[in-house]
Amino acid sequence: MGRAFEYRKARKFKRWGHMARVFTKIGKEIEISVKAAGPDPSANTRLRLLIQNAKAENMPKENVERAIKRATEKDSADYKEFVYEGYGPHGIAFLVETATDNTNRTVANMRMHFNKCGGQLGNSGSVAFLFEHKCVFKFKPGEGMTAPDPEELELEMIDLEVDEFYAEEEGSFTVYAPYEAFGNVQKWLDDNKYEIISGEAVRIPTDTKELDAEGRESIEKMVERLEEDDDVTNVYHTMKEEDDEAEE
């Protein structure tokens, strides 16, 4: 069928693989949230936000409902969140977030992944200082709301300790704030009737390192290997991305 077909097929499988990982990640986060604060979204603000994130990722409603149901069952998995740190090839720092019901399995897998890729798993705190822990929210005026003045809204966000504010072309807004402000920003948006499109915690490297094509490929292979691990929810690193270079 030719190279074009094979290329399209490879891209489709990659996209399906990404969707499956995202759905698994959100499902685990929903289970953790339900176990912590109950299955009612109106009383569980974290669950309400995760349901919005699921919608933004086109996660089927039945998948969300199954995750909530699983968390309420007696014999459901008890997921705990852990962060692993270390270095990959070429001195690139890695920070890996996981959600697991078996820490022995996860730490053994993390050590194997790092070793196989020419890296080394480190101790807690060994690279965390190279990343800023932030929260990011994308939101828009709720139904029936008058579009806010961007400058006035930005001033409100500054009061909430937001350090980056962007008015998007389609009428939505994106803000970045310290991770500690997550709850305050979410509460303010809820109280003021904004519709939260998505909200999550992210790790942003404070400095990045540029690699040649061969070095970049080795890091991308390590990222792919880590992301394929069922216990991994997020992978962050300090390699300079091609998009970053294009912006400069």
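Using equal-weight Cα scatterers in the Debye expression, the normalised intensity of the chain in log10 at q = 0.15 Å⁻¹ is -1.25.
Per Stokes-Einstein, at 25 °C and 0.890 mPa s, what whole-number D in µm² s⁻¹ belongs to the stretch 105-200, with the Kirkwood radius over Cα pairs as the hydrodynamic radius? Mind dumping the intermediate values first?
Working: Rh = 15.7 Å.
Calculated translational D: 156 µm²/s.
Taking the Cα atoms of the stretch 37-143, the ratio Rg/Rh between the radius of gyration and the Kirkwood radius comes to 1.06.
Taking the 1.4 Å solvent-accessible surface of the stretch 18-64 as the whole, the part contributed by carbon and sulfur is 55%.
Report in % the part of the accessible area of the stretch 131-185 that belongs to carbon and sulfur, leaving out ligands and nucleic acids; probe 1.4 Å. Kindly include the intermediate steps, with their values, before the conclusion.
Details: 1450 of 3320 Å².
Solvent-exposed carbon and sulfur of the stretch 131-185 make up 44 percent of the total.
Taking the Cα centre of the chain as the origin and placing charges on Cβ (Lys, Arg +1; Asp, Glu -1), which of Val202, Gly88, Gln186 is farthest toward the positive end of the dipole? It is Gly88. Amide H contacts of Cys135: Ala177, Tyr179, Val202, each under 5 Å away and 5 or more positions distant or on a separate chain (H built 1.01 Å from N in the peptide plane; Pro and chain starts excluded). Taking Lys193 as the anchor, which lysines have their alpha carbon closer than 25 Å to its alpha carbon, excluding any fewer than eight residues away along the same chain? Of all the lysines, those that pass the test against Lys193 - Cα under 25 Å, at least 8 places apart if same chain - are Lys55, Lys61, Lys134, Lys138, Lys140. Restricting the stretch 165-248 to trypsin sites (Lys or Arg not before Pro) that sit in a DSSP loop and have at most 14 other Cβ atoms within 10 Å of their own Cβ leaves Lys193.
Rounded to the nearest 20 debye, the dipole magnitude of the chain is 1740 debye, with +1 charges on Lys and Arg beta carbons, -1 on Asp and Glu beta carbons, and the Cα centre as origin. Between Val136, Cys117, Val64, the Cα set farthest toward the positive side of the dipole of the stretch 5-158 (charges on each charged residue's Cβ, about the Cα centre) is that of Cys117.
Our coupling estimate for the stretch 141-157, obtained by passing each phi through the Karplus curve with A = 6.51, B = -1.76, C = 1.60 and θ = phi - 60°, is x, x, 4, x, 7, 6, 4, x, 6, x, 5, 5, 5, 4, 4, 4, 5 Hz, Gly and Pro reported as x. Residues in the stretch 214-230 carry Karplus couplings, in order, of 5, x, 4, 4, 5, 6, 4, 5, 5, 4, 4, 4, 5, 5, 6, 6, 4 Hz; the curve used is 6.51 cos²θ - 1.76 cosθ + 1.60 with θ = phi - 60°, and Gly or Pro positions show x.
The values are calculated or read from the model by the stated rules, or taken from the named source; none is laboratory data. In this text the structure is predicted, and so the values were computed from the model without any measurement. Don't worry about glycine lacking a Cβ; one is built from the backbone with ideal geometry, like all the others, and counts go over all protein chains shown. Remember, those area values only see protein heavy atoms, side chains included, never the ligands or the DNA or RNA. Shrake-Rupley method; radii C 1.70, N 1.55, O 1.52, S 1.80 Å.
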